[in-house]
């Protein structure tokens, strides 16, 4: 007889008993008690979950397994639900035979006989330890930084919103701090990313020890941390002083030597502070203010702090607009080349320096100081620098074709970002061939920064271009990474005395001594000297008395468009 037919032939009571017996051996733990809550039966799953055999718990009250986590009010509400509704369902914290406290999900039902009299209680329970652990892990991954264990950006933004709401309700000030390690990249580059990760972990602990336990600390990413200092008072002045004191403590904590396995590392940090009172337009506005303050701290020399300044915000917005306009300047034909004369000791024009100007459609003619840093930071300097070199060589070729201007030289500034590009040398060679400009009349001006940033191929590139006839001038000499080794190693032709030294001549004895030393050094190495920024006759006479070979500055002429330059100097 099949199981189906057997169940069909059984009396209904027997079928119910068989089904109940099967259900009793489910994957859920089960407890059956009498109306006084004395345990009558438990199943094998109960034993597996709790560690108690049936014989150990018969006749006992389930409170035997209580962990003490829930109080009397909780249990009163539980039994009230069973009394009114016939069941209760929820989470209970229980204790295993081993003493371990664990969470379980319990469904408790009251059983009544045919006359409606309470006969039993039946409880099913499941161990939710693993589920809770999984929930905690999901929460950790969603809201905490896996490297440092600090709140991540998502959780930090949520807590910042809560802080702003509380500040608005209570008319209290709070402070948002952005912190960035100044030389973290150097640690990664020299010691490796594992050491960098260890440093971030150590830094998180140091910062956590420094902050109050009520403050919020987060790692936003990379080497950037953020903090919210809560409830600093209703008066902005004292609140800002508290924030400043805490920022100084944080800077001190950052600068402590950190032991990273086999080495010790010391770094510094910069902190931007935005004072908030809940009146800000939103979280994004607050983050922007702190970010601008951090930018200002870095701009002031790093290892320092700065408060958000609306004037700085205006400057940064202006910079952002200018950067957007820069991206269209070449396509809209807004670049211009001006030329400043370079003269010899007799005042005769021997060459010019090509200087870039931007004919901005709204702001007029802009000088390099306003846009060159932006070109370099956005890497647009390569494209614009190639345009400058092309136009300068085209003009040099035009002058070469006329006897009165054939001897003029063309000096063109080259950014370190340009020179280190792999295609720089082929590009210069192609421009010379395309324009027909004489390489011997082209002089590339480079700053000492290049010697630090360029790779070993620096000398190789210079020698190749030197073989074509191109000459090299070292610009701003004495203001950067001056090194006699570079002067002896690289194929230079000229040193350009920076205008900062010339400006104080002849009054400054120290500047005079520096200029005389540069000229003597250049003479011993067979290098020519040109002094820039010559604006007075006294400066010119002082330099001439020491046999300076060439001059450039407003005393002779300002940078001019090509037509004005030719009109003034073609016959000179």
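Where a number appears in this text, it was derived from the coordinates with a stated rule and is not lab data. On a predicted model such as this, the values are computed, not experimentally measured, just so you know. Using ideal geometry, Cβ is built from the backbone for each residue, glycine included, and neighbour counts are taken over all protein chains shown.
Using a 10 Å cut-off on Cβ atoms, rank the peptides 74-81, 559-566, 179-186 from the highest mean neighbour count down.
Answer by packing, highest mean first, reads 179-186, 559-566, 74-81.
Give me the extension gain from residue 546 to residue 101: residue separation times 0.36 nm, minus the current Cα-Cα distance, reported in nm with one decimal.
Using 0.36 nm per residue and subtracting the Cα-Cα distance, I get 151.1 nm.
Any idea what the relative contact order of the chain is, in percent, if you count C-alpha pairs under 8 Å spaced at least 6 apart?
Worked out over the chain, it gives 8 percent.
For a test of the definition: using alpha carbon positions, the gyration tensor, and the 1.5 limit on a/c, classify the chain as rounded, prolate or oblate.
The shape class here is prolate.
Could you compute the FRET efficiency for residue 190 and residue 300, with r as their C-beta to C-beta distance and R0 at 25 Å, rounded to 0.05?
That pair, residue 190 with residue 300, gives E of 0.45.
Tilt of helix 153-170 relative to the longest C-alpha principal axis of the chain, in degrees (0 to 90, nearest 10)?
80
Evaluate the distance, in nm, between pseudo-label points positioned 7 Å from the Cα of residue 244 and of residue 464 along their respective Cα→Cβ axes.
It works out to 5.5 nm between the two label points.
So how tilted is helix 368-377 from the main axis of the chain? Cα-based, degrees 0 to 90, rounded to 10.
With both axes taken from Cα atoms, the answer is about 50 degrees.
Residue 390 to residue 76: extension gain in nm, 0.36 nm per residue of separation minus the Cα-Cα distance?
104.2 nm
Mind checking the angle between helix 509-525 and the chain's longest principal axis? C-alpha axes, 0 to 90 degrees, to the nearest 10.
80
Roughly what % antiparallel, to the nearest 5, for the DSSP beta bridges in the chain?
70
Rounded to the nearest whole Å³, what is the per residue volume of the convex hull around the Cα atoms of the range 275-392?
Convex hull volume per residue, Cα atoms: 162 Å³.
Can you figure out the FRET efficiency of residue 538 with residue 158, using R₀ = 56 Å and their beta-carbon distance, to the nearest 0.05?
My answer for the efficiency is 0.25.
From Cα pairs below 8 angstrom and at least 6 apart in sequence, can you work out the relative contact order of the range 319-569, rounded to a whole percent?
With pairs under 8 Å counted, the relative contact order is 19 percent.
How would you rank 227, 275, going from fewest to most other Cβ atoms within 10 Å of each one's own Cβ?
275, 227
So, in Å, what gap is there between the alpha-carbon centers of the range 232-256 and the range 339-357?
Rounded to whole Å, the Cα centres lie 54 Å apart.
Test of understanding: what is the full-extension gain from residue 236 to residue 66, defined as 0.36 nm times their sequence separation minus their Cα-Cα distance?
Contour length minus the Cα-Cα distance gives 56.0 nm.
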